[in-house]
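Chemist: Take this structure first; my questions come after.
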Amino acid sequence: MYRFFTNFHSQIQILILSSVSILFCNHLHSQNQAQENYIADVIENLEGNEDFDYNILFETLEYFSNNPINVNTADADEFAELLFLDQSSINAILRYRDEQGKFISIYELQAVPSLTVSDIRQILPFISINSDDNRYQLPLSDMLSGGNHELFLRYTSTLEQNKGQTLDDNGEKRYEGNNDNYYLRYRYNFDNRLSFGLTAEKDQGESFFAKSNKQGFDFYSIHVHLKDVLKNVKDLAIGDYSISFGQGLIAHNYFGGSKSSLVTNIKKGGRTIRPYTSKNEANFFRGIAATYSIDDHIDITAFGSFKNNDGNVIEIDTFEVEDNFNRFSSIREDGFHRTENEIEDENAIKRFSGGSRINYKKSSFSIGGNILYEKFDQFLQPQDQLANLFRFNGTSLLNGSIDYSVKLKNINLFGELAFSQNGGRALMSGALITLNRKTDLALLYRDYGTDYQNLNSNSFGESTTTNNEKGIYIGLRYAINNNWTINAYADQWSNPWIRFRVDGPSRGKEYLLKIDYSTRNSFNASAQYRYESKLRNQSDNETRVDIPINISLHKIRYSHRLPLSRKIELRNRIEITLFEDDNKSKGIFIAQDFHYKQRKFGLTSRIAYFNTEDFDSRIYAYESDLLYNFFIPFFQNEGIRMYANFKYKWTFKLSTEFRFARSQFFDIDTIGSGNNLIIGKARTDIKFQLRYRF
């Protein structure tokens with residue numbers, strides 16, 4: 001009895017003190033504003049990572065803002081769905097809950113070791129406190145009638161005419177369709193447990209209800225996803241879905257585990273199956289997938305997928321080959337079907353994918369076995385280049401792996417060992433260590449064999465392919481106090497075989513240092529320096545053999561966010577780049593943002609000046625955009641960039657958004673290249689979006 005009252009009194013003290021000190025987190029900004037700010041922060045950390053589908057980030061955070069995660073019942077995989085929580089923070093929350101019991105308030109999070117005020121401010125819009133454990137008792141009929149419907153319609157266009165809209169020598173338009181983009185999305189959600197919907201899109205230059213697209217939109221995606229509906233069925237997906245195994249050595253279609261200023265976020269996690277709602281036309285599976293729990297410790301996942309892929313088909317004289325297979329050189333992932341050649345490549349390849357995962361989890365230990373099989377109806381034959389010597393060629397590919405995670409007090413060891421059917425091997429092993437309440441350390445070693453073959457991998461590394469790389473990464477996060485945080489990493493790697501634009505074995509290194517300062521009134525400032533050095537073929541080489549030379553890139557960035565009132569916020573950013581090879585080039589980007597938000601009306605705008613001397617000194621800069629949309633342009637040459645986003649909420653159910661963006665160049669007379677070439681010094685884009693909830 002004494003222990004009960006002691007613990008109860010301790011909890012009440014925590015609640016009172018935490019409530020007083022954290023209420024400021026939502027004092028100046030609504031949950032929507034906090035969500036918007038954090039999306040901007042995360043994407044700015046990942047700028048330049050062109051392989052990540054940022055639609056997933058937007059939709060996931062928007063989803064959890066409407067369907068918060070219950071911190072009293074969520075496991076590590078569910079917390080990992082929040083994308084930005086690193087494993088050290090997740091482990092700290094779970095350890096605190098095991099030791100102290102269920103949270104009695106979200107403000108109690110301040111008592112969790114290693115969580116700073118800034119961390120908690122970011123978490124708050126996406127979590128809730130709920131003691132109800134009867135999560136499997138609701139009939140499916142109630143779930144179908146008690147959820148939320150959401151409909152999006154979006155229109156995008158470029159006002160200037162590009163070359164694709166002009167006539168070729170035969171008097172026909174180069175692009176089959178007009179210069180407009182149409183997007184439709186419908187989704188139904190119930191309490192983070194049932195989701196179904198439709199996504200459809202027509203890209204600029206594609207036809208609409210005509211010619212090759214008589215069915216209307218060029219891309220359609222449908223999904224149905226059930227989560228924790230039955231006690232033994234964790235996930236059931238029908239239609240389009242994504243799969244994530246282990247640390248991504250054989251499959252991972254989700255966020256996390258890459259180099260960024262989130263320096264300790266190197267471990268991939270989350271649920272194995274997720275519904276697919278993005279407009280990316282290649283990076284998903286189509287069919288059925290399910291995860292079944294035998295008991296509280298063993299999960300079994302199985303999936304099967306059959307879909308058509310775009311591919312670069314090779315015309316081959318049948319007398320020159322010994323088999324009867326047609327051939328393709330690569331899978332096209334851009335999703336464009338505008339020209340005759342692009343339309344010929346559309347759905348040219350039939351692809352079957354199937355696999356399974358068995359995962360055993362108990363207390364602080366888990367181990368999983370994964371297998372993935374792929375089969376094509378044509379022979380994949382990469383282009384005849386030395387860099388492709390070890391790449392997969394054939395009609396079928398089998399991959400297998402074993403992954404593990406072990407928690408030893410303040411240490412989390414994890415990793416994965418994978419094999420491909422040709423005998424290739426890939427290994428990744430890491431550790432997340434909480435040294436004390438203020439300091440987290442991340443260590444990672446990777447050894448991806450030159451002959452390792454895979455088509456769906458997405459693991460930690462310097463290159464986009466999980467092969468031909470060895471490296472060591474060290475990341476450190478130090479919270480000086482509630483206001484100051486230091487993030488730093490060092491990464492060194494080697495490539496035993498040649499790779500793109502490097503005709504020989506090579507090495508590289510990269511360092512980052514970022515200092516963040518935030519206050520209780522939501523003021524935030526950060527300064528960041530990143531340095532990268534590696535080999536690349538000499539651009540003006542005149543010998544028969546390209547000679548790799550050392551190149552280096554310095555990037556310095558400063559930004560701050562200053563709230564002037566509940567409605568007005570100013571943001572500033574300046575970035576400088578310096579690139580060096582045989583010559584030097586530099587770039588600068590300066591931006592002033594203005595944000596205004598009231599109950600029904602919102603405005604975000606920017607005016608920026610940029611001046612970069614070449615492509616190597618380009619600068620990426622995230623821009624605020626319409627909901628569920630994003631834009632991360634890179635800036636080259638000299639000019640002015642400006643945009644304004646207007647949002648008006650007519651009723652609780654209906655809102656509209658409009659975007660106007662224009663780039664004005666000073667030193668060039670044409671913009672873009674190929675069929676996207678615009679003659680002139682300016683490009684103007686407009687967007688209109690309608691959102692209806694019912």
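The values are calculated or read from the model by the stated rules, or taken from the named source; none is laboratory data. All figures in this text were calculated on a predicted structure; none of them were measured in a lab. Glycine also receives a Cβ, built like all others from the backbone with ideal geometry; neighbour counts cover every protein chain displayed. Just so you know, the surface numbers come from the protein's heavy atoms only, side chains and all, with ligands and any DNA or RNA stripped out. Shrake-Rupley method; radii C 1.70, N 1.55, O 1.52, S 1.80 Å.
Chemist: Can you tell me how much longer the chain between Ile549 and Lys567 gets when fully stretched, taken as 0.36 nm per residue apart minus their C-alpha distance, in nm with one decimal? Before the final figure, lay out each step's value.
Modeler: Details: separation 18, 0.36 × 18 = 6.48 nm, distance 5.17 nm.
That pair, Ile549 and Lys567, stretches by 1.3 nm at full extension.
Chemist: Put a dot 7 Å past each Cα toward the Cβ at Tyr373 and Ala302; how far apart are the dots in nm?
Modeler: For Ala302 paired with Tyr373, the spin-label model returns 1.2 nm.
Chemist: For region 155-304, what is the accessible area per residue in Å², given a 1.4 Å probe and the full set of protein chains?
Modeler: On the way: 5350 Å² over 150 residues.
Computed with neighbouring chains in place, this is 36 Å² per residue.
Chemist: Another question, then. Based solely on its DSSP helices, what 222 nm [θ] is calculated for the chain when runs of n ≥ 4 H residues each add -39,500 (n - 2.57) and the sum is averaged over all residues, nearest 500 deg cm²/dmol?
Modeler: Numbers: 8 runs with 87 residues, N = 694.
Helices in the chain give a 222 nm mean residue ellipticity of -4000 deg cm²/dmol.
Chemist: Name the residues of region 342-370 whose amide N is less than 17 Å from a point 7 angstrom out from the Cα of Lys214 along the C-beta direction?
Modeler: Flagged as within label range: 344.
Chemist: Here is a follow-up. Reachable lysines from Lys567, Cα under 27 Å, same-chain residues fewer than 8 places away excluded?
Modeler: Excluding near neighbours in sequence, the set is Lys597, Lys600, Lys647, Lys649, Lys653, Lys687.
Chemist: So for the pair Asn283, Leu153, with labels modelled 7 Å out along Cα→Cβ, what separation do we get in nm?
Modeler: Placing both labels 7 Å along Cα→Cβ, they lie 3.0 nm apart.
Chemist: Right, something else. Skipping prolines and chain starts, which residues have an amide H placed within reach, meaning under 5 Å, of the one on Tyr452, given they are 5 or more residues away or on another chain?
Modeler: For Tyr452, whose amide H was placed from the backbone, the distant partners under 5 Å are Arg425, Asn468.
Chemist: If you line up the Cα atoms of region 539-653 on their principal axes, what length do they span on each, largest first, in Å?
Modeler: Reported extents, whole Å, longest axis first: 68, 28, 20.
Chemist: Along region 670-687, what does the Karplus equation 6.51 cos²θ - 1.76 cosθ + 1.60 (θ = phi - 60°) give for ³J(HN,Hα), rounded to whole Hz, x for Gly and Pro?
Modeler: Here the 3J(HN,Hα) series is 9, 10, x, 8, x, 6, 8, 5, 10, 8, x, 9, 9, 10, 10, 10, 10, 9 Hz.
Chemist: Report the calculated FRET efficiency for Lys362 and Phe594 (r = Cβ-Cβ distance, R0 = 51 Å), to the nearest 0.05. Let's see the in-between values first.
Modeler: Values: r = 53 Å, r/R0 = 1.03.
It comes out at approximately 0.45.
Chemist: Between Asp169 and Phe660, what FRET efficiency comes out of the Förster formula 1/(1 + (r/R0)^6) with R0 = 35 Å and r the beta carbon distance, rounded to 0.05?
Modeler: On the way: r = 36 Å, r/R0 = 1.02.
With a Förster radius of 35 Å, E is 0.45.
Chemist: Region 437-548: Rg/Rh from Cα coordinates, Kirkwood Rh?
Modeler: Working: Rg = 18.5 Å, Rh = 16.6 Å.
Result for region 437-548 is an Rg/Rh of 1.12.
Chemist: Now for a separate question. Applying the Karplus parametrisation 6.51 cos²θ - 1.76 cosθ + 1.60 with θ = phi - 60° to the phi angles of region 141-146, what ³J(HN,Hα) value in whole Hz is obtained for each residue in order, glycine and proline being reported as x?
Modeler: Whole-Hz 3J(HN,Hα) from phi for region 141-146: 4, 5, 5, 7, 10, x.
Chemist: Please express the Cα-Cα pair-distance distribution P(r) of region 503-563 as a list of whole percents, one per 10 Å bin, running from 0 to the bin with the greatest distance.
Modeler: It works out to 19, 30, 20, 16, 11, 4, 0, in whole percents.
Chemist: Calculate one ³J(HN,Hα) per residue across region 656-664 by plugging θ = phi - 60° into the Karplus curve 6.51 cos²θ - 1.76 cosθ + 1.60, and present them in order as whole Hz with x for glycine and proline.
Modeler: 10, 9, 9, 10, 10, 9, 9, 10, 10
Chemist: Test of the criteria: in region 418-476, which trypsin sites (Lys or Arg not before Pro) are in a DSSP loop and have at most 16 other Cβ atoms within 10 angstrom of their Cβ?
Modeler: On the way: sites: Arg425, Arg437, Lys438, Arg446, Lys470; in loops: Arg437, Lys438.
Here the sparse-neighbourhood loop sites are Arg437, Lys438.
Chemist: Right, something else. Under the 0.36 nm per residue contour assumption, what length would be gained going from the current alpha-carbon distance of Arg507 and Ile686 to full extension? Write out the running numbers ahead of the final one.
Modeler: Values: separation 179, 0.36 × 179 = 64.44 nm, distance 4.36 nm.
Net length gain for the segment: 60.1 nm.
Chemist: Sorted by mean Cβ packing within 10 Å, highest first, what order do the peptides 449-455, 676-682 take? Provide the component values of the computation, followed by the final result.
Modeler: Values: 449-455: 21.4, 676-682: 14.7.
Highest-to-lowest ranking by the protection proxy: 449-455, 676-682.
Chemist: Right, another one. Given labels modelled 7 Å from the Cα in the Cβ direction, how far is it in nm from Phe500 to Asp581?
Modeler: About 1.5 nm separates the two model spin labels.
Chemist: So how compact is the chain: Cα radius of gyration and Dmax in angstrom?
Modeler: Values for the chain (Cα only, Rg and Dmax): 25.7, 91 Å.
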